[in-house]
Amino acid sequence: GINRTLDKGRENFWFLNNGIIIACKDFDIDGDTVNIHGFSIVNGGQTTTLIGKYKGTNQKEFSIPCKIVSSKNDQKEGKHNIQFFTGIAEATNSQKPILPRDLKSNSPEMLCLSKMLADNDI
């Protein structure tokens, strides 16, 4: 899906991808640039790898959703930071997978069925 979006719909990448989460020691913002120090990607490794290896024909720029979580305000609590970052990685990498049946609730036939049931007080 990522390669298909990169090929034919880069303008929609922001909406169709969960993006990445980066844990870091510190960051600073310089205009449109974010400088990240002592960082690790804690979620989004597959997205990052696929984008890095992609050799498609579409060269148009695109945006990637990104959360940056910093420990810069909590330097004394190094152990706490590791546990917090590990918790983020575990939670965001172990969410329930979506099955095809999970995506059917908003299909046209299900919306029609829902309306018919509601119209008949069911």
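Nothing in this text is a laboratory measurement; each read-out follows from the coordinates by a stated rule. Remember, it's a predicted structure, so these values are computed and weren't measured experimentally.
Listed values, structure above:
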quantity	calculated
Subset of LYS8/LYS67; LYS25/LYS67; LYS8/LYS53 violating a 23 Å alpha-carbon distance limit	LYS8/LYS67
Gain on full stretching of the segment that runs from PHE62 to PHE84 - 0.36 nm per residue minus C-alpha separation	4.9 nm
Theoretical gain in end-to-end length, LEU16 to ILE41 [0.36 nm per residue, Cα-Cα removed]	7.1 nm
Isotropically averaged projected area of segment 1-78, using the convex hull of Cα atoms (one quarter of hull area), nm²	6.0
